[in-house]
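So the structure is just underneath, and the comments pick up after that.
The values are calculated or read from the model by the stated rules, or taken from the named source; none is laboratory data. Everything numeric in this text was worked out from a predicted model, so none of it was measured. In this analysis, Cβ positions are derived from the backbone assuming ideal geometry, glycine residues included, and neighbour counts consider all displayed protein chains. SASA here: full protein model, heavy atoms, side chains in, ligands and nucleic acids out. Shrake-Rupley method; radii C 1.70, N 1.55, O 1.52, S 1.80 Å.
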Amino acid sequence: MNDLVPVLGGFLSDPFDLIDIPVREWVTEFVNWIVATFREFFRTWISPPVRGTMEAIQWALTSTPPLIFLAVLFIIGWRAASWKVGLFAVIAFAFVGFMGVWYELMITLSLVATAVLFCLLIGVPLGILCSRKDWFYTGMRPVLDIMQTTPPFVYLVPAVMLFSIGNVPGLIATIIFAMPPTIRLTNLGIRQVQTEFIEAATAFGSTPRQILWKVQLPLALPTIMAGLNQTIMLSLSMVVIAAIIGAGGLGLEVYAGLERLNIGQAFVGGIGIVLLAMVLDRITQGLGDKGPASRAKKSE
Amino acid sequence: MGCFGVIRAEGVTKIFGPDPESILPLLKQGKKKEEIQRETGHVVGVNNASFELEPGEVFVIMGLSGSGKSTLIRCINRLIDPTAGKIILKHPERGEEDIAAMDAEGLRHIRTHEMSMVFQHFALFPHRTVLSNVVYGLEIQGRDKKEREELGRKFLAMVGLEGWEDHYPFELSGGMQQRVGLARAVATEGKVLLMDEPFSALDPLIKVQMQNELIKIQQELGRTILFITHDLDEAMRIGDHIAIMDGGEIVQIGNPEEILVNPRTEYVANFVEHADPTGVITASTVALPFKAPHFEPAGEEGGLSYYVRHGYPDIRFGVDNQGCLQKLVVNGEEAALADLDEALARERTGPERRVDTTVQCNEDTILRQVLRGRAFTQLPVIVRDTEQRITGVIDEPELIHGILEKRGYALTEEAASA
Ligand SMILES: Nc1ncnc2c1ncn2[C@@H]1O[C@H](COP(=O)(O)OP(=O)(O)OP(=O)(O)O)[C@@H](O)[C@H]1O
Ligand SMILES: [Mg+2]
């Protein structure tokens with residue numbers, strides 16, 4: 001009887017001591033199992049296309065003479081948004097160049113471009129699927145929530161275990177982290193298309209596929225572009241974090257600068273990233289605002 | 001033309017709710033829409049609607065909001081699947097097909113080639129130019145670009161929108177947008193045109209203009225049109241037949257005059273009460289029939305038999321043995337007989353009404369024209385059939401009765417004796 005008193009007291013003061021859920025062990029074992037089982041698969045099937053794409057883009061960007069690059073950039077900004085945006089982009093990029101980190105800028109841009117490309121290639125079809133199959137969307141939602149709310153650092157560990165260090169694991173982590181807005185907004189954009197347009201297309205005998213390509217996707221385009229814009233911003237922030245596991249570019253400047261307490265170096269990298277973010281944001285927003293679908297919406 | 005692509009609906013029924021089939025027996029028992037909704041939560045959209053479109057006609061479905069018009073027209077091209085009933089498409093080569101039982105492939109064929117649709121809020125694709133909207137159906141038909149643009153331009157010109165090809169729908173006024181909608185629908189060259197309140201969103205003036213153009217296009221292209229409206233004047237103006245819907249049921253089908261003159265239910269009567277009868281009711285309906293007891297013999301003279309109207313001995317009608325009016329004698333003097341249309345074309349009506357001439361019209365002359373005739377002469381207007389035989393006479397009492405009661409004497413008498 002007397003033995004019961006200390007046990008009870010212990011329970012009252014620390015009720016969580018009684019039961020121990022070994023989540024740490026479970027996760028460790030699970031990740032170990034995944035790594036052991038899938039490492040080969042990931043390294044032979046996932047790494048090469050990502051690496052190949054990235055290297056191709058990187059080669060194209062770094063081997064373009066900066067002056068030509070700036071000229072093309074101006075034209076892109078001008079066509080996508082306005083001549084002001086084109087001019088702003090050129091000034092911003094030139095400034096980064098004058099700070100002495102042009103090469104790093106190109107590396108970061110190629111990382112972002114690769115990540116965004118894969119986000120689109122995977123995210124848009126998934127978004128379309130979500131919009132057409134309610135059960136798929138129901139299943140996808142918690143996954144999207146997890147992808148978006150997990151702190152970005154958490155992606156890095158399994159990525160390193162699966163792909164070792166370097167650009168590729170950084171890219172994989174970036175792709176996963178940045179993809180949800182593309183999926184969500186593709187789904188949303190398609191679901192938001194008014195039934196009257198679907199009805200009209202159906203009444204003229206369109207197949208579901210024709211409705212998708214001729215009506216739903218074009219009308220969803222402004223929303224999809226908004227998703228793309230978010231994806232770009234997210235991938236830019238992640239590419240910087242990925243410097244910790246060996247991704248290069250401006251993120252590495254920041255990371256290395258901080259590590260060596262070289263505030264100036266970190267700042268240069270930081271300014272470069274902010275300017276790149278602003279340029280990409282203005283250009284993609286401009287793209288989203290163009291096109292008859294969004295102009296029609298505005299005139300309503 | 002023949003009887004290409006014409007439609008017959010047989011007992012089409014649509015019930016909204018979790019178990020529509022279970023409601024069918026209740027409807028058979030004669031339960032009303034409200035009862036079923038209260039007891040089972042199911043909404044009866046359309047109940048047992050049957051009708052037939054004749055080739056080249058405009059068939060109007062009319063009814064108050066919520067009476068099931070949109071549901072019915074959407075059953076015809078299966079944008080909504082009917083719960084029961086048949087929708088027979090009479091096809092020149094393939095014979096009769098039931099659209100209600102058709103698979104996806106067959107439906108697509110029907111929608112691309114046999115019937116097209118015009119929507120109340122236009123439903124033009126906002127991301128496509130005017131021309132590319134018009135050719136949408138042709139694109140789905142798989143025609144090549146050059147051919148469909150040629151056709152698209154042709155139909156755009158037909159609705160009076162040349163030069164607007166490269167604009168976007170939001171740059172156009174409502175009336176112009178619906179012209180595009182109309183061009184898009186006729187461009188597929190389907191035989192049947194479904195129109196769900198196409199002009200309801202337009203200003204009154206534009207509306208009348210569009211109605212006239214629709215009739216013109218319909219005559220030019222020989223399409224059969226199923227047209228929905230809640231505007232009686234619109235229905236009367238363009239409809240060859242009108243079906244009136246109430247609570248999901250068709251309560252009366254007839255031509256405009258039948259509906260106006262002989263409404264079968266209280267609902268229909270309320271509907272037509274404020275309609276303008278002068279453009280719909282015809283001379284034969286309002287005329288006092290030229291026979292006993294309204295007219296009595298008043299002797300023979302010069303091979304003609306004379307009659308007078310009961311109570312009006314001063315006007316004597318001299319009729320030959322064919323039944324044609326040859327002489328009108330007013331107070332002993334012979335009055336001239338003129339053709340109504342010719343007389344009106346020749347002389348303007350003024351404050352002076354003729355007492356020495358009267359006019360003759362045909363049985364299908366509309367009331368409005370007869371009134372113009374009465375402004376021309378003080379004498380009764382004579383109604384003739386196609387063989388020129390006198391069949392009736394229209395004097396003040398008939399006109400007043402026709403306008404106020406929207407009924408003819410003949411019908412009033414039938415109703416009284418029944
Ligand atoms: N998808 C639906 N689910 C449930 N009920 C519906 C649905 N569509 C229509 N209804 C009901 O069916 C009935 C007929 O509607 P319908 O739209 O055909 O009327 P309408 O005659 O076209 O009216 P309006 O003149 O307002 O267009 C209404 O009671 C409506 O509430
Ligand atoms: Mg409707």
remark   = Ranking A:60, B:63, B:401 by how far each Cα lies towards the positive end of the charge dipole of the protein assembly as shown (+1 on Lys and Arg Cβ, -1 on Asp and Glu Cβ), the top one is A:60
note = Scaled by the rule-of-thumb 2.2 N^0.38 Å, the alpha carbon Rg for the protein assembly as shown gives a ratio of 1.46
request  = Please build a GNM for chain B, connecting alpha carbons under 10 Å apart, and tell me which residue among B:398, B:150, B:97 fluctuates the most.
outcome  = B:150
Shielding by partners - mean other protein chain Cβ count within 10 Å, residues of B:123-131 = 6
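For peptide B:76-83, what's the mean number of Cβ atoms from other chains within 10 Å of each residue's Cβ? Don't skip to the answer; put the middle values down first.
Working: counts 0, 4, 2, 6, 1, 0, 0, 0.
Mean shielding count: 2.
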request  = Measure nothing but the geometry: give the 0 to 90° angle between the long axis through the Cα atoms of B:174-187 and the longest principal axis through the Cα atoms of chain B, rounded to 10°.
outcome  = 80 degrees
note = With all protein chains in place and a 1.4 Å probe, residue A:237 shows an accessible area in Å² (nearest 10) of 50 Å²
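Before rounding to the nearest 500, sum -39500 (n - 2.57) across all DSSP H runs of length at least 4 in chain A and divide by the residue total; then give [θ] at 222 nm in deg cm²/dmol.
Values: 16 runs with 243 residues, N = 300.
Computed ellipticity for chain A at 222 nm equals -26500 deg cm²/dmol.
Counting only protein heavy atoms, what percent of the accessible surface of chain B is carbon or sulfur at a 1.4 Å probe? It would help to have the intermediate numbers written out before the result.
Values: 8970 of 18660 Å².
Looking at chain B in its full context, I get 48 percent from C and S.
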query = So how exposed is residue B:191, as accessible area in Å² (1.4 Å probe, rounded to 10)?
reply = 60 Å²
message = Students often get this wrong: which residues of the range B:185-205 have the backbone nitrogen under 20 Å from the point 7 angstrom along Cα-to-C-beta of residue B:93?
response = B:188-192
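Over all directions, the average projected area of the alpha-carbon convex hull for chain B comes to how many nm²?
Values: hull surface 104.1 nm².
That works out to 26.0 nm², a quarter of the Cα hull's surface.
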query = Total accessible area buried between chains B and A, 1.4 Å probe, in Å² to the nearest 100?
reply = 2100 Å²
key: Interface residues, the range B:134-171 - accessible area loss of 50 Å² or more versus chain alone, probe 1.4 Å   = B:136, B:140, B:170
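If you count, for each residue, the other Cβ atoms within 10 Å and average over each peptide, how do B:115-124, B:269-278 line up from highest to lowest? Walk me through the numbers on the way to the answer.
On the way: B:115-124: 23.8, B:269-278: 16.2.
Top of the packing list down: B:115-124, B:269-278.
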task = Using only Cα atoms, locate the centre of the range B:170-226 and the centre of the range A:82-113, then give the distance between them in Å, rounded to an integer.
result = 54 Å
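Give, in nm to one decimal, the length gained when the segment between residue B:404 and residue B:29 is fully stretched (0.36 nm per residue of separation minus the Cα-Cα distance). Show your work: numbers first, answer last.
Details: separation 375, 0.36 × 375 = 135.00 nm, distance 3.94 nm.
The residue B:404-residue B:29 span can extend by a further 131.1 nm.
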remark   = So for R0 = 45 Å, FRET eff. of residue B:37-residue A:19 from the Cβ-Cβ r, to 0.05, ends up at 0.25
message = Using only the Cα atoms of chain A, what are the Rg and Dmax in Å?
response = 23.9, 88
task = Give me the distance between the Cα centres of the range A:178-245 and the range B:244-270, rounded to whole Å.
result = 49 Å
task = Taking the Cα centre of the range B:284-417 as origin, sum charge times position over the Cβ atoms of Lys and Arg (+1) and Asp and Glu (-1), and report the length of that vector in debye to the nearest 20.
result = 380 debye
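As a quick test, which of the pairs A:214/A:290; B:32/B:90; B:14/B:406; A:214/B:216; B:33/B:69; B:291/B:327 have an alpha carbon distance above 26 angstrom in this structure?
B:32/B:90; B:14/B:406; A:214/B:216
Order these peptides, B:127-133, B:214-220, by their mean beta-carbon neighbour count within 10 angstrom, highest first. Could the numbers behind the result be given before it?
Details: B:127-133: 21.7, B:214-220: 15.3.
Those peptides, ordered most packed to least, come out B:127-133, B:214-220.
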key: Exposure of residue A:274 as accessible area (Å², to 10), given a probe of 1.4 Å and all protein chains   = 80 Å²
